[in-house]
Amino acid sequence: MTPSTSDLSAATKAIADNQRLLIIPHANVDPDGLGSALACYLLFQALGKDVTVVCPDTLPESLRFLPGFSNLTEDLQEAQQFVITINLKDGVEVDKLRYAVEDHKVNIIVVPKKGKVQPQDISLGDGGKPYDLIVAVDTADLPLFGSLYAEHVDLFTGVPVLNIDHHISNTRYGQLQLIDPTAASATEVLYSWFTQNPGWRELLTEDIATLLLTGLITDTRSFQNPNTTPRSLEIAAELLDFGARQQEIIQNIYKTKPLSTLKIWGRALNRIQMDAKAGIVWSLVSRDDLAEMGATSKETHGILDELISTIPNADVHVLFTELEEGGLKASMRSSSAIDVSALAGQTYGGGGHPQAAGFRVAAFENFDLQVIECVQKLKQGMETQRAAAEQSRSQQQIPVPPSAGTSSPSKNTVASGTGAEGDGKKQTPKKDTGSLGATDVVKELTD
Ligand SMILES: [Mn+2]
């Protein structure tokens, strides 16, 4: 599953062979995505490349402390350049160039100083693609680039893509891939790659080390998540040797929260509700709460993690946020006993990953009542999933007599669950557990 030596050398060669590089993390970027993008930016620039780094949709002001932040742009400047060429071979000299727009037409007026421009001297062609290579970081699928992808689909088909990621759900888009689902963060994948190349190793500055450590710290929630491996800890130690400024990261990520955020977290934690029998924990933040605390719905990021660490013994954790623009957003996390992606899809047409998903409800009269209705539906869906799982297990275990009854095997291990932050290893390995940086998956999905 980890990138092979040939994957690594193909990626290195792609950087060596291409000059104009475009680096992009996912929309609604998190510290791992942005840390990865900026680390690439600084290293490739040190290698003498022309590097553009774009942060799709919104620049997260809270990450302004990251080295290289001021080099970020929010959108591509020019997706396409169309070039009109005038051949000056026959001694023609151009004095002036003007253009006039009329009737949905652009007239380009060429005034020669010497000689005469003939129609046959003019050739048309698109100026080629503005980039030689796209380096995509921390992004499991192309649509997660948000409007950057939606508005420039042709760019992604015309320019080769190097896809660097650690999500097990990565769709393996792009011509080149460095995907390591055992890595705790995308920056961990980058670290292994960067340090493999002796010439690059020397270019790892304190700034680059700080960026790489930022992704590792945040995607493991300070090494608390089960995706933290001995390798992650080793890399963290090596990054400190490279001069990574750990205190600066901790100070900016964990100790700098606006008062409005703390207040809204407090409100949500106060409102925690639980149905222990059904195995579901939820909380809600209304539009009135947001207005009262002077907070935005974006600041509810992170509350879900708090819910999970507050009450870990549930199969499903949900945070309902009433949105400023109307409607509600539900963000869900689950233990491996429940597939919340399927649950979101079946109940409200949402989606995501098996252990991290979300849905929206566009319109309702009363937020509180709507939340009750949602919880009700989710509980029914959970029951259906459990019954189906139970049935397929008993069929697998007792293959011969269909009338032998259900011997409800291993009910406890599954139904009690361990919470998404728990030790997933006790349970049957399922598609999407364990190595995920669950925090960043939720961020990708639910905004
Ligand atoms: Mn990540």
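Where a number appears in this text, it was derived from the coordinates with a stated rule and is not lab data. The shown structure was predicted, so the numbers you read here are calculated from the model rather than taken from an experiment. Please note: Cβ atoms are built from the backbone with ideal geometry, for glycine as well, and neighbour counts cover all protein chains shown.
Helix 206-219 against the longest principal axis of the chain: what's the angle in degrees, Cα atoms only, rounded to the nearest 10? With rounding to tens, the tilt is 30 degrees. Shown in residue order for the range 36-50 are the 3J(HN,Hα) couplings computed by the Karplus curve 6.51 cos²θ - 1.76 cosθ + 1.60 at θ = phi - 60°: 4, 4, 6, 5, 4, 4, 5, 5, 5, 5, 5, 7, x, 8, 8 Hz (x for Gly and Pro).
Among 96-103, 375-382, 287-294, the peptide with the highest mean count of other Cβ atoms within 10 Å heads the list, and the full ranking is 375-382, 287-294, 96-103. Evaluated at q = 0.10, 0.13 Å⁻¹, the base-10 log of the normalised Debye intensity for the chain, with identical point scatterers placed on the Cα atoms, takes the values -0.79, -1.16. For the chain, the longest principal axis of the C-alpha atoms and the axis of helix 367-397 are separated by about 80°.
Calculate how many DSSP beta bridges within the chain are antiparallel, expressed in % of all such bridges and rounded to the nearest 5. All intermediate terms of the calculation are to be shown ahead of the outcome.
Details: 33 of 56 bridges.
Of those bridges, close to 60 percent are antiparallel.
Note down the relative contact order for the chain as a percent, whole number, built from C-alpha pairs under 8 angstrom at least six residues apart. Present the calculation step by step, with values, prior to reporting the outcome.
Working: 846 pairs, mean separation 62.3, N = 447.
Relative contact order here is 14 percent.
Reducing the range 315-356 and the range 114-133 to their Cα centroids gives an inter-centroid distance of 52 Å.
Can you give the charge dipole size of the range 82-126 about its Cα centre, rounded to the nearest 20 debye, using +1 on the beta carbon of Lys and Arg and -1 on the beta carbon of Asp and Glu?
Working: 7 positive and 7 negative charges, 41 e Å.
Dipole of the range 82-126, to the nearest 20 debye: 200 debye.
Residues Asp32, Asp165, Asp95, Asp141, ranked from the fewest to the most other C-beta atoms within 10 Å, line up as Asp95, Asp141, Asp165, Asp32. Take 321-333, 234-246 and order them by the average number of nearby Cβ atoms within 10 Å per residue, most first; the result is 321-333, 234-246. Any idea what log10 I(q)/I(0) is at q = 0.08, 0.16, 0.18 Å⁻¹ for the range 183-336, Debye with uniform C-alpha scatterers and no solvent? After summing over all Cα pairs, the log10 values are -0.32, -0.93, -1.03.
In the range 1-82, taking the dipole from charged Cβ atoms about the Cα centre, the farthest positive-side position among Leu76, Ile23, Ser4 is held by Ser4.
The length gained by stretching the chain between Glu102 and Lys377 to full extension, at 0.36 nm per residue less their Cα-Cα distance, is 93.2 nm. Where q = 0.17, 0.19, 0.24 Å⁻¹, what log10 of I(q)/I(0) comes from the Debye formula for the range 82-126, counting one point per Cα? So the normalised log intensities are -0.53, -0.64, -0.93. The residue among Gly345, Asn313, Leu144 whose Cα reaches farthest toward the positive pole of the charge dipole of the chain, with charges on the beta-carbon of Lys, Arg, Asp and Glu, is Asn313. For the chain, the longest principal axis of the C-alpha atoms and the axis of helix 259-270 are separated by about 30°. Going from the residue with the fewest nearby Cβ atoms within 10 Å to the one with the most, Trp282, Trp200 rank Trp200, Trp282.
Distance check, please: which entries in Lys257/Lys379; Lys255/Lys329; Lys13/Lys129; Lys49/Lys113 exceed 29 angstrom between their Cα atoms? Spell out each step's value before the answer.
Values: Lys257/Lys379 34 Å; Lys255/Lys329 27 Å; Lys13/Lys129 20 Å; Lys49/Lys113 38 Å.
Among Lys257/Lys379; Lys255/Lys329; Lys13/Lys129; Lys49/Lys113, the Cα-Cα distance tops 29 Å for Lys257/Lys379; Lys49/Lys113.
Of all the options Thr310, Thr214, Thr187, the one that moves most in a Gaussian network model of the chain with Cα springs shorter than 10 angstrom is Thr310.
Residues Val316, Val117, Val361, ranked from the fewest to the most other C-beta atoms within 10 Å, line up as Val117, Val361, Val316. For the options Thr85, Thr210, Thr384, a Gaussian network treatment of the chain with springs between C-alpha atoms closer than 10 Å singles out Thr85 as fluctuating the most.
Given Cβ point charges of +1 (Lys, Arg) and -1 (Asp, Glu) and nothing else, what value in debye, to the nearest 20, does the dipole of the chain about its Cα centre take?
Values: 38 positive and 56 negative charges, 133 e Å.
So the dipole magnitude of the chain works out to roughly 640 debye.
Please report the net charge: other residues with Cβ closer than 15 Å to the Cβ of Leu88, K and R +1, D and E -1.
Details: positive: Lys89, Lys96, Lys113, Lys114, Lys116; negative: Asp90, Glu93, Asp95, Asp121.
Counting the neighbours of Leu88, the net charge comes to +1.
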